[in-house]
Amino acid sequence: MIYFDNAATTKLNKEVLKGFNDLNLKFFANSASTHKLGIEAYRLEEKARSQIASLLNCEPNEIIFTSGATEANNLAIKGSALKYKNRGNHIITSKVEHPSVLNAFKSLEEDFGFHVTYLDVNNDGIVELESLKNAIRNDTILVSLMAVNNEVGSINPIKDIGELLRKYPKILFHCDATQAIGKIKIDYSNVDLLSMSSHKIHGFKGSGLLLKRKNIDLLPLLSGGGQEFNYRSGTNNYVYEVCLAKTLRISFEELENNYNYVKHLNDYLRSKLEGLNVRINSPKISSPYILSLSLDKKASVVSEALSLKDIYVSTKSACSSKKSPTSYVLLAMGKSSQDAMNAIRISFSNENTKEEIDIFIKELKEILNTLK
Ligand code: PMP
């Protein structure tokens, strides 16, 4: 099997899995219970929170555990816009965000009457500082921009955007860092709200977090027992939180090695694609973990044919590939509608090899020839 769909999700790390059953069976109590077993679970949870906080350079009470990045994005965006709506009615995002961001903005626009600016991106899929600057109004209260795009791997200048937004104390800056955390180095020091997901870095599905600076308040999406500092009620899955701490630690320790290795794979794949009838959509400078390319053949047919050979890639991103066949990300980057309809995404992990790329290229060539 060749798995080139790591931007959709990754294989669970065996080290992370180790101890999962033991922890669940031994300390199964509710971490909010006040008896000894509950306190034990609470201690483990808080230890995990502190470890994560030191990795992310923040304070433990700035970490809100969630079910993943979709929830973290919704909590950050809806929670902050609704909390601070008395300060202004205008919010900004870009046209190439993940659906969990775009649809949160749509809901604020359609259901709550906010005015939304959806920023254009340049041909590399990047938000230009100037266009953000021009979009800011007196009543702007929130800007949400992703660190790394999940379809093409474009990297936004998060540090510069954060620096610009510091000049506007009323504006909160949310960053969806799901495809960046543990994979590429980015300076998040000027970000107010940051989302990430465990399963993109070999952790569990259904686990993630929102980093929320302590001076910021949010309207919670879930009301209940007041867990997670009142921002996310519901019995905590503390074992996931312990596992998330381990997942993050491993990905941070290995970040540089993995980055260099995957960059090498990406460069190799790009060189092997030369001479084939494909167009690479990912910019030259982008996350090496993701490579998008457009074909002259129907992408869904090519991806199915690859799948029959046990080679797994995505058409666009997993979250939108079952809906419209056209990629709104590629359209926003100025690609033709034909290219936006016929793109496949190859996404790597440190477990992939050059040999796998050789097999992929051989099979891709064969498929493209038979489809002639
Ligand atoms: N944002 C981005 C950029 C993503 O790639 C994803 C995963 N497809 C999400 C958010 C949603 O993450 P989760 O699956 O944890 O809800």
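Any residue in region 1-29 that's open to solvent by 80 Å² or more (accessible area, probe 1.4 Å): show its pairings with residues that are within 16 Å of the ligand (Cβ to nearest atom) at Cβ separation under 7 Å, as long as the two are six or more apart or on different chains.
Taking only residues 6 or more apart or on different chains, the pairs are Lys11/His202.
Test Ile184 against the criterion of being touching an Asp or Glu at 6+ places or on another chain (Cβ under 6 Å), β-branched (Val, Ile, Thr) and either part of a strand (DSSP E or B) or assigned by TED's automatic domain parsing to the domain that holds Val242 (or both), and give yes or no. I'd like the intermediate steps shown before the answer.
On the way: touching an Asp or Glu at 6+ places or on another chain (Cβ under 6 Å): no; β-branched (Val, Ile, Thr): yes; either part of a strand (DSSP E or B) or assigned by TED's automatic domain parsing to the domain that holds Val242 (or both): yes.
No: the conditions fail for Ile184.
Filter region 137-149 down to residues that are in a loop (DSSP other than H, G, I, E, B) and within 16 Å of the ligand (Cβ to nearest atom), then give me how many there are.
2
Here are Lys47, Lys26: which of them is modelled with pLDDT under 95, among the charged types (D, E, K, R) and farther than 30 Å from Ser286 by Cβ?
None of the other options fit; the residue is Lys26.
Which of the residues spanning region 149-184 are surrounded by fewer than 19 Cβ atoms within 10 Å (Cβ to Cβ) and under 14 Å from the mean Cα position of the chain (by Cα)?
Hits for region 149-184: nothing passes.
If you take the residues in region 70-96 that are in contact with a helix residue (DSSP H, G or I) (Cβ under 8 Å, 6 or more places away or on another chain), open to solvent by less than 10 Å² (accessible area, probe 1.4 Å) and of a type outside the set (Ser, Thr, Tyr), which one is farthest from Val152 (Cα to Cα)?
It comes out as Ala81.
Taking region 187-207 on its own, how many of its residues are part of a strand (DSSP E or B) and either of a type in the set (A, V, I, L, M) or at positive phi (or both)?
Count: 3.
Hand me the list of helices (runs of 4 or more DSSP H) wholly inside region 29-136 holding 2 or more residues that are within 16 Å of the ligand (Cβ to nearest atom) and at negative phi.
In region 29-136, 69-83, 99-112 are the helices (runs of 4 or more DSSP H) which contain 2 or more residues that are within 16 Å of the ligand (Cβ to nearest atom) and at negative phi.
From the residues in region 215-236 that are in contact (Cβ under 8 Å) with a residue 40 or more places away in the chain and open to solvent by 50 Å² or more (accessible area, probe 1.4 Å), which one is farthest from Glu363 (Cα to Cα)?
Here the residue is Gly225.
Considering only residues that are among the aliphatic types (A, V, I, L, M) and within 28 Å of Lys11 (Cα to Cα), which ones fall in region 171-226?
Residues satisfying the conditions are Ala177, Ala180, Ile181, Ile184, Ile186, Leu193, Leu194, Met196, Ile201, Leu209, Leu210, Leu211.
The values are calculated or read from the model by the stated rules, or taken from the named source; none is laboratory data. The model shown is predicted, which means the values in this text are computed figures rather than measured ones. As a convention, Cβ positions derive from the backbone with ideal geometry for all residues, glycine included, and neighbour counts pool all protein chains shown. Ligands, DNA and RNA are stripped out before the accessible areas are found, and what is left, the full protein with its side chains, is counted by its heavy atoms. Shrake-Rupley method; radii C 1.70, N 1.55, O 1.52, S 1.80 Å.
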